[in-house]
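The values are calculated or read from the model by the stated rules, or taken from the named source; none is laboratory data. Worth saying up front: this structure is predicted, and the values here are computed from it rather than measured. Because the Cβ atoms are built from the backbone with ideal geometry, glycine has one as well, and the counts that use them run over all protein chains shown. Keep in mind that these areas ignore ligands, DNA and RNA; they rest on the heavy atoms of the full protein, side chains included. Shrake-Rupley method; radii C 1.70, N 1.55, O 1.52, S 1.80 Å.
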Amino acid sequence: MSPRPRNRRIVAGLAALGALLALLAYALPPWLRGLAEREATAALGRRVTIASLELEPWRLGIGVSGVALAPAGSASAAAPQLSIARARLRFALASLWQRAPVIAAIEVDGLRARIERSAPGHYDIDDLIARLGAGPQPPPTAPPARYAIHNLQLRDAALTFDDRPLGRVHHLDALTLTLPFLSTLPSDVAIEVAPRLAFKLDGTAFDSGARARPFAAPRAGRLSIAFAGFDLAPWLGYLPAALPVRVLRGRVGADLQLSFTQPPGAAPRIALSGRVQVDDAALADGHGAPLAQWRTLTVELADVQPLAHRIALGAVRADALELDVARAADGRINLERLGDAPAAPVAAPAAASAAARAPAVPWSVDVARADIHRGTLRWRDAGVGAALTLDAVEIGARHIAWPLHQAVPFTLSTALRAPRGEGQAGTLQAQGRAGAREVQVDLHLAGLQAAALDAYLRPLLSPAVSGTLSANGVFRWVGGARP
């Protein structure tokens, strides 16, 4: 065969291939767009529209623009409940020999969604949840789905949550999600992924990163998250009303790392470390009476393992802590009442016996150091009509452990305020060690005015005592031997 006919066949083949690609790229998309709109509308029970659909057969890709989901029972002119500016999906040729979907890229830009809570437990997406939950479910014995997803990106997404019962609107915007790799295919299980999640919630920026081998043995991963100045006030209405303590205000910041490992055939291990800070916070008891407030509370998490019942903290520091302690006429202190709770339901005999057989793992708590600076303690005693205030409270303790295996060294200094706020009524300084079997304290008391303790001294001493007391001493207590 001469070269000329062969060249003609090659040219004809390329022309046919070009015509087929052109047909796929330009003639097929309008039909696919209409089919996708009809199927999505039937599946969701809501009108779904797609402005345009594009095929990229030379890249095994498909893209859509202007996707919109109408609200329930609304006219077509109503603002969509969900919209997507642009989405692209591209398959890899590896899907052929893996005999499973291998997606080279998923990109979603400009997702916008709005959810409304109309009443407690009722949302304007209840119909969507019911439809999606009623779909066919895989049998329990079905093997896990085989797939691989590379380069999943969600960019510039936003969600508005309109809470009608509480009269609040929450905004989640600047949402970015990057997942470089996710797979259940055997050849890919050892690949490590480094996802990232970042967003703004009601104006506070959150950022996170992670590295994980979610399908390899041993399974392992590490997640980090950081944010600062998150205002709790808009979210307090979601706390259960039955809590013994009410949060009145506060701003939270954190820089945390969560690690997870699970060797084959062994129990998983979860460890949390990092730093948490709560600023300008206030708490009240269940009746609304003041309980505590502080300017700054910082907690360093050294190694917190909830599954192992272990809490290891670094430094715990409270600045400008104000604590209100009150004794009622019946003798009970308000801090005791915080433990009051409704009786737990009686467990069924089988459940109770199973719980009895399960070995209880005790919690252990270790704190490297704890400090209170510029604290205030207000004491109110309704039983005798006394009111005392301790100012300038400075407390420092080191190597705190629970259970108490060894004595804890501590320092304490404070000033007693005069009954009518007329300056100081005495100062106290103490340092020593305190443990379960031994307490030793060096005390230094200066200028204690008897009038400040009049409510307690009056029933004991007659005639009335006046004046000031200063003393230095050592208090020591040693318990008996352990049984």
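Data overview
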item: Evaluation of LEU404 against (1) exposed (fewer than 14 other Cβ atoms within 10 Å of the Cβ); (2) over 24 Å from ALA318 (Cβ atoms); (3) hydrophobic (A, V, I, L, M, F, W, C) (one fails), failing number; result: (2)
item: Selection status of ARG88, of a type in the set (D, E, K, R) and surrounded by fewer than 16 Cβ atoms within 10 Å (Cβ to Cβ); result: no
item: Extreme residue, nearest to GLY203 (Cα to Cα), among residues of region 147-171 that are in a strand (DSSP E or B) and in contact with a helix residue (DSSP H, G or I) (Cβ under 7 Å, 6 or more places away or on another chain); result: HIS170
item: Residue list for region 377-395, filter: open to solvent by 50 Å² or more (accessible area, probe 1.4 Å) and assigned to a loop (DSSP other than H, G, I, E, B); result: ALA382, VAL384, GLY385
item: Qualifying residue in region 290-311 (condition: at pLDDT below 95, charged (D, E, K, R), in a strand (DSSP E or B) and crowded, with 17+ Cβ neighbours inside 10 Å); result: no
item: Set ALA425, ALA436, ALA446: member being closer than 30 Å to VAL361 by Cβ, surrounded by 10 or more Cβ atoms within 10 Å (Cβ to Cβ) and modelled with pLDDT of 80 or more; result: ALA436
item: Residue match in region 316-325 (condition: touching a strand residue (DSSP E or B) at 6+ places or on another chain (Cβ under 6 Å), farther than 25 Å from ASP231 by Cα, open to solvent by less than 30 Å² (accessible area, probe 1.4 Å) and not in a helix (DSSP H, G or I)); result: yes
item: Qualifying position, being open to solvent by 60 Å² or more (accessible area, probe 1.4 Å), in contact (Cβ under 8 Å) with a residue 40 or more places away in the chain and either under 36 Å from the mean Cα position of the chain (by Cα) or under 24 Å from GLU300 (Cα atoms) (or both), among ARG374, ARG398; result: ARG374
item: Residues being open to solvent by 40 Å² or more (accessible area, probe 1.4 Å), at pLDDT 90 or above and either assigned to a strand (DSSP E or B) or touching a Pro at 6+ places or on another chain (Cβ under 9 Å) (or both) - total across region 230-256; result: 8
item: Options ALA79, ALA100, ALA40: the member that is open to solvent by less than 40 Å² (accessible area, probe 1.4 Å) and within 29 Å of HIS171 (Cα to Cα); result: ALA40
item: Residue in region 135-144 that is under 26 Å from ALA68 (Cα atoms), exposed (fewer than 11 other Cβ atoms within 10 Å of the Cβ) and at pLDDT below 80 present; result: yes
item: Boolean, ALA198 is at negative phi, in a strand (DSSP E or B), at pLDDT below 80 and surrounded by 15 or more Cβ atoms within 10 Å (Cβ to Cβ); result: no
